[in-house]
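J.: Before anything else, here's the structure in question.
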Amino acid sequence: MDHFARLGLPAALDLDAAALDRAYFALQRQWHPDRFVSRGPEERARASAEAASLNEAYRTLKDPLSRAFYMASRAGVEMPGDGKTIDDPELLMEAMEAREALHEAGTVEAVDALAAEARRGVQKALAGLASLFLANDRAAIRKALLRLRYLDKFAEEARARRMNIERSNA
């Protein structure tokens with residue numbers, strides 16, 4: 001059963017976070033292994049398996065980026081084998097230039113500006129994905145997801161760079 005069906009939600013990029021939480025917690029109460037302690041081994045095993053599946057579905061669907069990758073895999077979009085390779089030359093150049101700018105950023109403000117730009121890029125890419133899924137444009141979905149992966153990693157790098165600058169200024 002796919003994650004959306006498991007939680008009784010529509011398969012959509014734009015999920016209502018409160019509805020996701022309500023569905024998850026209701027099902028988690030129903031299947032929590034503690035409720036099955038006095039039951040037979042088959043029922044305990046099923047409850048444990050259901051709870052684990054619910055946890056995986058919730059973790060995947062809670063994060064917009066992991067939800068997008070999950071939907072892409074369901075749509076048959078193939079990503080680079082190692083999960084981290086950027087095989088788009090244009091995106092690779094953008095990534096290299098952004099990392100260089102981040103490395104050269106000497107102030108918290110400069111790092112924050114680069115991080116804000118990356119966040120805007122994430123929001124723009126996520127907003128455009130819905131129409132790509134509707135059109136079933138696998139090549140464009142793949143390209144958008146590679147961009148999202150890069151932007152997400154860049155945001156992590158910016159947080160680390162910010163912390164390093166703050167430590168050196170303290």
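The values are calculated or read from the model by the stated rules, or taken from the named source; none is laboratory data. Predicted, not measured: the structure shown is a model, and the values here were computed from it. When we count neighbours, we look across all protein chains shown, and the Cβ atoms used for this are built from the backbone with ideal geometry, even at glycine.
J.: Pairs only if they're at least six apart or on different chains, beta carbon under 6 angstrom, first in the stretch 141-170 and without any contact (Cβ under 8 Å) to a residue 60 or more places away in the chain and under 14 Å from residue 91 (Cα atoms), second β-branched (Val, Ile, Thr) and surrounded by 12 or more Cβ atoms within 10 Å (Cβ to Cβ); list them, first residue then second.
T.: 151/122
J.: Would you pick out the residues in the stretch 100-124 that are under 20 Å from residue 167 (Cβ atoms) and not β-branched (Val, Ile, Thr)?
T.: Passing the criteria: 102, 103, 104, 105, 106, 109, 110, 112, 113, 114, 115.
J.: Ok, one more. Just checking, which of 54, 61, 91, 65 is touching a residue at least 12 places away in the same chain (Cβ under 8 Å), surrounded by 13 or more Cβ atoms within 10 Å (Cβ to Cβ) and more than 23 Å from residue 130 (Cβ to Cβ)?
T.: That would be 54, the only listed residue that is touching a residue at least 12 places away in the same chain (Cβ under 8 Å), surrounded by 13 or more Cβ atoms within 10 Å (Cβ to Cβ) and more than 23 Å from residue 130 (Cβ to Cβ).
J.: Please determine whether any residue of the stretch 64-79 is in contact with a helix residue (DSSP H, G or I) (Cβ under 8 Å, 6 or more places away or on another chain) and modelled with pLDDT under 90.
T.: yes
J.: Continuing with the same structure: So if I check each of 9, 20, which one is in contact (Cβ under 8 Å) with a residue 40 or more places away in the chain, surrounded by 12 or more Cβ atoms within 10 Å (Cβ to Cβ), part of a helix (DSSP H, G or I) and aliphatic (A, V, I, L, M)?
T.: Result of the check over 9, 20: 20.
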